[in-house]
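Let me begin by presenting the structure, written as structure tokens, before commenting on it.
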Amino acid sequence: MKRLIFALLVLSMLLAACAPKSEAAADFDINNWDSVLEAARGQTVNWYLWGGSDSINAYVDNFYGKALKERYDITLNRVPLADTVDAVNQVLSEKQAGTDPGSVDLIWINGENFFTLKQAEMLYPDWAQKLPNSALVNWDNPAINLDFGNPVDNLESPWSSAQFQFIYDSARMGEAELPRSYAELADWACAHPGRFTYIDPNGTGGFLGTRFMKGALYELSGDAAQWQKIDQALWEQYAPALWDYFNEIESCLWRNGETYPQDESELVNLFANNEVDLSMTNDITGAGRWIADGRMPETARAFVFDNYMIGDFNYVAIPLNAPNKAAALVLANLLLEPEFQAAQILPENGFGLGYAIDVNRVTDETALAALQESASKLGDAATSASDLAKSLVGDSAAEYQNLVQQGWLENVVQK
């Protein structure tokens, strides 16, 4: 009997030693970063993120993939998605099936997708502000601690920022001609019939179209802050004015509003082909990325209205059943490193989103100089930092996303 017990003990030890590293993911103390690094060593982190941009994919592989391997012996497995909701559905399916550990370690996420997983209680808790680099994040900023009006609650960590902007060609239009409000845009569009359109809010790149529409809602209602929490009575009060606005400009649009570009790339094509005079972007480089890609002329410039230009931060989150939590934590912390924050805003690197960190919190002189140098390289194609700051407002509560999308179909398109 003693020999049998001893044999079983040896067998169990051997099995434990041979277990995949992911099964040891819980063997760290999140308050002890060295223990996180040790647990993460040798792991593969499965990062699920939108894969629709070859340049962003290359940026992720070349910057984060190499750094993870060289510095921490972590392998990056970038899992490209057609839509972030695919990762959300994967996690929810695993919850229903009782699969733990699951397959997703980290998700590039925000808005309604974050809200869905938060409500399902499928997000790893209490970690974001325990990353060493979280000290560089201004968590007091509502644009960071609220994600589409929902409290982040330490369930996700910011990666980058974005703000809605327009693009024009300074060879075609003078700066004095630019509309500076939604009211002025309506007048401009009908004074220049067929020269403006916007992205279908239900298209493949509908996020940008919806953001454009919500900015109009803010202006029509005279306030942005009131939309941070869902209020059905408020929506019912102002939605008719929103549909009136878009119905009134419809006949002035490109192709009389009979069709709309499905994403930013389609709108860029129309702009580049001189079919419309304005494009849209969330890119910190303004027109810079498209100029670098050869899809816009060197004379393209970004601009904003005087108010109601919606900006937000986007995040990474770790599912509750992530198999390699330690490696996911290391990657989330790496995203906030000043050297990578400086690299991500440059169009030649292929990402083109703004800082997630507050440069005023960076005390290392070399890191601060890199951040400032990157910002100076954006040049004339980008909206000035002062104009962005002056016009910045936060995004609405996540529930308004569907209300705007469905309401547009029913009250504008079908009408």
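Rule-based calculations on the coordinates, nothing more; no lab input. Just so you know, these numbers come straight off a predicted model, no measurement behind them. Counting neighbours? That spans all protein chains shown, and the Cβs are built from the backbone with ideal geometry, glycine included.
Extension gain, residue 307 to residue 255, is 15.9 nm, computed as 0.36 nm per intervening residue step minus the present C-alpha separation. Here the spin labels are modelled as points 7 Å beyond Cα on the Cα-Cβ line, and at residue 229 and residue 298 they lie 5.3 nm apart.
How large is the charge dipole for region 67-202, taken about the Cα centre, if only the Cβ atoms of Lys, Arg (+1) and Asp, Glu (-1) carry charge, to the nearest 20 debye? About 240 debye.
Calculation over all alpha carbon pairs of region 226-282 in 10 angstrom steps from 0 returns a P(r) of 19, 34, 30, 16, 1 percent. Comparing 140, 380, 293 in a Gaussian network model of the chain, where Cα atoms under 10 Å apart are tied by springs, the biggest mean-square fluctuation is seen for 140.
Starting from 0.36 nm per residue, how many nanometres of slack lie between residue 93 and residue 406 once their C-alpha separation is accounted for? Can you show the working numbers first?
Numbers: separation 313, 0.36 × 313 = 112.68 nm, distance 2.60 nm.
Answer, rounded to one decimal: 110.1 nm.
Here's the list of lysines a cross-link from residue 214 could span, going by alpha-carbon distance under 24 Å and ignoring same-chain residues fewer than 8 apart: 118, 229, 390, 415.
For residue 183 and residue 41, a Förster radius of 45 Å and the Cβ-Cβ distance give a FRET efficiency of 0.20, rounded to the nearest 0.05.
Applying a threshold of 20 Å to the alpha-carbon distances of 66/377; 130/325; 95/325 flags 66/377 as lying beyond it.
Candidate cross-link partners of residue 69 among the aspartates and glutamates, defined by an alpha-carbon separation under 12 Å and a same-chain spacing of 8 or more, comprise 61.
Neighbour counts of other Cβ atoms within 10 Å put 244, 34, 105 in the fewest-to-most order 34, 244, 105. Please identify which residues in region 289-332 have an amide N closer than 17 Å to a label point set 7 Å out from the Cα of residue 33, following the Cα→Cβ vector. Answer for this model: 326-332.
With each label modelled as a point 7 angstrom along the Cα→C-beta vector, the residue 192-residue 204 pair spans 2.8 nm. Each residue of region 148-162 was assigned a 3J(HN,Hα) from its phi angle through the Karplus expression (A = 6.51, B = -1.76, C = 1.60, θ = phi - 60°), giving 6, x, 9, x, 5, 6, 6, 9, 8, 10, x, 10, 7, 10, 8 Hz with x at Gly and Pro.
Structural size metrics of region 54-162, computed from C-alpha coordinates, are Rg and Dmax of 14.9, 39 Å.
Would you mind ranking 190, 252 by Cβ crowding within 10 Å, fewest neighbours first?
On the way: 190 14, 252 20.
Arranged by neighbour count, lowest to highest, 190, 252 become 190, 252.
Start at zero, step by 10 Å, and the Cα-Cα distances of region 293-415 spread as 10, 28, 32, 23, 7, 1 percent across the bins.
Please report the relative contact order for the chain, taking Cα pairs under 8 Å with a sequence separation of at least 6, and give it as a percent rounded to a whole number.
Numbers: 745 pairs, mean separation 107.3, N = 415.
Rounded, it is 26 percent for the chain.
Sorting 66, 377, 325 on the 10 Å Cβ count, fewest up front, what's the list? Write out the running numbers ahead of the final one.
Numbers: 66 11, 377 14, 325 27.
Neighbour counts put them in this order, fewest first: 66, 377, 325.
Rounded to the nearest 500, what is the 222 nm mean residue ellipticity of the chain from helices alone, with -39500 (n - 2.57) per DSSP H run of 4+ residues and division by all residues? Before the final figure, lay out each step's value.
Numbers: 17 runs with 170 residues, N = 415.
Theoretical 222 nm ellipticity from helices: -12000 deg cm²/dmol.
Can you tell me how region 175-319 classifies by the Cα gyration tensor, rounded, prolate or oblate, using a/c under 1.5 as the rounded cut?
Oblate shape, in that a/c is at least 1.5 and b/c is the bigger or equal ratio.
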